[in-house]
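J.: Sending over a structure as structure tokens; questions will come in a sec.
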Amino acid sequence: MTKKSIAVVMPFLIAGVFISSAGAAKQVQAPPQTPQEELAALKEGNQRFINNEKAGHDFHYQINKTKDGQKPYAVVLSCLDSRVPPEIVFDQGIGEIFVARVAGNIENDDILGSMEFGTAVTGAKLIVVMGHTKCGAVKGACQNVKLGFLTGVLDKIQPAVAQVKKSNPKFNPESYDDIDHVSEANVRMTVENIRKKSKIIRDLEAQNKILIVGAMYDISSGKVNFYASVESKTGVANNK
């Protein structure tokens, strides 16, 4: 291509880039409106993460959009583990989900208050309690570790340990298969504790205004396996 040709074509190429960028910023999907749509959005985001196909979030656009207020559509309670960042594993951008993180993804008064803010005040219609495989906090609870303030955190996981031990006389606190079973039980118990302890959240769920689900993240595959709200009591996975 001659210099003259480049000089003629370049303005059109530059204009195309600006048009494309502007279009990308405007082509923002409408946020999900129902609890079921919000759950589907997280599942779709996790599938993108597994496929290594990011949604192409325009973070500058999202910063500008949320500077005067926020309206995330979901609240995710997850473990502190550095391998399980919810915004990344669900491929979410700025202002799209609330995230509360604590070792062992347990609930406490501060977490419950934050969830009540996220749902009753801000309008999120989905609560996800997400545990994960090979959880160090759960392993510590299984091995009855005592360490400063961590002891109190692990004590909250002990009911799940006791439940699994009761159903498995050969329980091995060194086996990650057994530890993962405790993690699953801990997720289910946390979901139920949220319902029992927070009247605000319990009433919202009874009115079908929100959905509460449990989930387990597989650190080997990146897959999040969800538990349906009514099935969280039985632990039957539902990924449909």
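Every number in this text was worked out from the coordinates using simple rules, so none of it is lab data. Computed from a predicted structure; not experimentally measured. Cβ sites come from the backbone with ideal geometry, for glycine too, and all protein chains shown count toward neighbours.
J.: For labels at VAL121 and SER175 in the simple 7 Å Cα→Cβ model, what's the distance in nm?
T.: 4.6 nm
J.: Further question: What length, rounded to one decimal in nm, is gained on full extension from LYS166 through to LYS196, with 0.36 nm per residue of separation minus their alpha-carbon distance?
T.: Working: separation 30, 0.36 × 30 = 10.80 nm, distance 2.32 nm.
Once the chain is fully extended between LYS166 and LYS196, it gains 8.5 nm.
J.: Please rank HIS57, HIS181, fewest neighbouring Cβ atoms within 10 Å first, as an exposure proxy. Numbers along the way, then the final one.
T.: Details: HIS57 15, HIS181 22.
Fewest-to-most Cβ neighbours within 10 Å comes out as HIS57, HIS181.
J.: Could you list the residues of segment 201-223 with an amide nitrogen less than 18 Å from a label point located 7 Å from the Cα of GLU37 in the Cα-to-C-beta direction?
T.: Residues 208-212 fall inside that zone.
J.: If you don't mind, another one. Can you check how the C-alpha radius of gyration of segment 32-227 compares to 2.2 N^0.38 Å, as a plain ratio? Working shown, then result.
T.: On the way: Rg = 16.9 Å, N = 196, 2.2 N^0.38 = 16.3 Å.
Relative to the 2.2 N^0.38 Å estimate, segment 32-227 comes out at 1.04.
J.: Quick one: which of LYS54/LYS134; LYS125/LYS166; LYS166/LYS209; LYS165/LYS199 span more than 28 angstrom between C-alpha atoms? Can you show the working numbers first?
T.: Numbers: LYS54/LYS134 26 Å; LYS125/LYS166 35 Å; LYS166/LYS209 36 Å; LYS165/LYS199 31 Å.
Table pairs above 28 Å Cα-Cα are LYS125/LYS166; LYS166/LYS209; LYS165/LYS199.
J.: Amide H of VAL99: which non-local residues (sequence gap of 5 or more, or other chain) have their own amide H closer than 5 Å, using H built in the peptide plane?
T.: For VAL99, the qualifying residues are VAL76.
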